[in-house]
Amino acid sequence: MTLSDEDRDRLADIVKLQPTKNGELQERWGLDSGSEVHQYLEGTLKEHYFRDEQSLIRATPEAATLVDAAPGIEPGEDGAGPAGIRVESPAYELCETLPDHDEPHISVVAALQAIRSETDLETDVDAVRDALASLRKKDAVEMEREVVPTFRMAVPRAELTVERQD
């Protein structure tokens, strides 16, 4: 089935917003109800999306390739980095505690200590390491290799919208 330009744009929205809900897509697409969103998804994008165990809408891996969009990433205007990302904890807290793009990098251990001292999240070093890797894939964090890998925000914090997807 060939998708129209509007269908491809809407599929790209699903990829970027995932995991998402009918209400969020309804607002984004200017539809009248969540029921209308459901009918559209089932009628037009059935083979390109699924609902996860919490009934949240997600795109298939093939859908992301089809529309050339990155899951959970709203691209920035200038292509220099993302304008918005959706992340789970502790990546969300890292975006609040890592040094900004023009400040010195910090180590994984320092990032863990910052999360523990600046938030109420109890996490471990492996979770922080995984979250940093996820943020690097989204181009939100940059790494510099010194004696140990160090990190900071890759884009100005003020220009990045971070949504928690827990």
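Laboratory data are not the source of any read-out in this text; all were calculated from the coordinates shown. What you see is a predicted model; the values in this text were computed from it and never measured. Neighbour counts run over all protein chains shown; Cβ positions are idealised from the backbone, glycine included.
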Practice item. Could you list which residues have their amide H under 5 Å from that of V141, counting only those 5 or more apart in sequence or on another chain, with H placed in the peptide plane? Key: R136, A154
**Study point:** Angstrom value of the Kirkwood radius, inverse mean 1/r, which spans all Cα pairs in the range 95-134
**Key:** 10.4 Å
Revision key, fill the gap. Dividing the helical contributions, -39500 (n - 2.57) per DSSP H run of n ≥ 4, by the residues of the chain yields a 222 nm value, nearest 500 deg cm²/dmol, of -12500 deg cm²/dmol
Point to revise | Computed lengthening from S35 to K137, 0.36 nm per intervening residue step minus Cα-Cα distance | key: 33.3 nm
Practice item. Please work out the C-alpha center-to-center distance from the range 44-70 to the range 83-160 and express it in whole Å. Key: 27 Å
Exercise for review: For the range 87-164, just the Cα set please: Rg and Dmax, both in angstrom.
Suggested key: 11.1, 32
Practice item. Compute the whole-percent fraction of alpha carbon pairs in the chain spaced more than 19 Å apart. Key: 58 percent
Check your understanding: What is the extension gain from A158 to S117, computed as 0.36 nm multiplied by their sequence separation minus the C-alpha to C-alpha distance, in nm to one decimal?
Key -> 12.6 nm
**Study point:** Most mobile listed residue (E142, E122, E88) in the chain, GNM with C-alpha springs under 10 Å
**Key:** E122
Study note, to complete from the structure: Per the 1/(1 + (r/R0)^6) rule, R0 = 30 Å and r from the Cβ atoms of E144 and E77, FRET efficiency to 0.05 is 0.70
Practice item. Enumerate the amide H contacts of Y49 below 5 Å, restricted to partners 5 or more residues apart or on another chain; note that Pro and chain-start residues carry no placed amide H. Key: T60
Check your understanding: Can you list the lysines whose alpha carbon is less than 16 Å from that of K46, not counting same-chain residues fewer than 8 positions off?
Key -> K21
